[in-house]
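In what follows, a structure is listed as structure tokens, so that the remarks can point back to it.
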Amino acid sequence: QLTTVGVSANRFVFSFPTVAGQQYQVEYKDNLGSGSWLPLDQPIAGTGSSVNVTNTISVPQRFFRLNVQ
């Protein structure tokens, strides 16, 4: 399975496969030069199937990363 990232209108869409028993946290920041990464919603428990994460983009620039815990 593939990880996909896309933007639809003003929504960020991120899809990725998970491993059962693994925890995932999508994080974001609006400026790569400063500040900490912030959690986007709650951690995601892996189930062995794909999940979709969406976020409304309310600033001109936002960066995302997937943290496997």
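Be a star and scan segment 1-26 for residues whose amide nitrogen sits under 11 Å from the point 7 Å along the Cα-to-Cβ vector of THR54.
8-14
When the accessible area of the chain is split by element with a 1.4 Å probe, what percent falls to carbon and sulfur?
Numbers: 2320 of 4470 Å².
That fraction is 52 percent.
Shape call for the chain from the C-alpha gyration tensor, a ≥ b ≥ c root eigenvalues: rounded (a/c under 1.5), prolate (a/b greater than b/c) or oblate?
Numbers: a/c = 2.48, a/b = 1.45, b/c = 1.71.
Oblate is the answer for the chain, as a/c is 1.5 or above yet b/c matches or exceeds a/b.
SER58 accessible area, nearest 10 Å², 1.4 Å probe?
Answer for SER58: close to 100 Å² accessible.
So how much slack lies between TYR28 and ARG62, counting 0.36 nm per residue of separation and subtracting their Cα-Cα distance, in nm?
Values: separation 34, 0.36 × 34 = 12.24 nm, distance 0.69 nm.
Working it through step by step, the gained length comes to 11.6 nm.
Accessible area per residue, 1.4 Å probe, Å², for the chain: what's the number?
Values: 4470 Å² over 69 residues.
For the chain, the per-residue accessible area is 65 Å².
Using modelled backbone amide H atoms (1.01 Å from N, in-plane), which distant-in-sequence or interchain residues come within less than 5 Å of ILE57's amide H?
Sorted by chain and number, the residues that satisfy this are ARG11, PHE12.
The values are calculated or read from the model by the stated rules, or taken from the named source; none is laboratory data. None of the values given here were measured: they were computed from a predicted structure. Cβ sites come from the backbone with ideal geometry, for glycine too, and all protein chains shown count toward neighbours. Heavy atoms of the whole protein, side chains included, go into the accessibility calculation; ligands, DNA and RNA do not. Shrake-Rupley method; radii C 1.70, N 1.55, O 1.52, S 1.80 Å.
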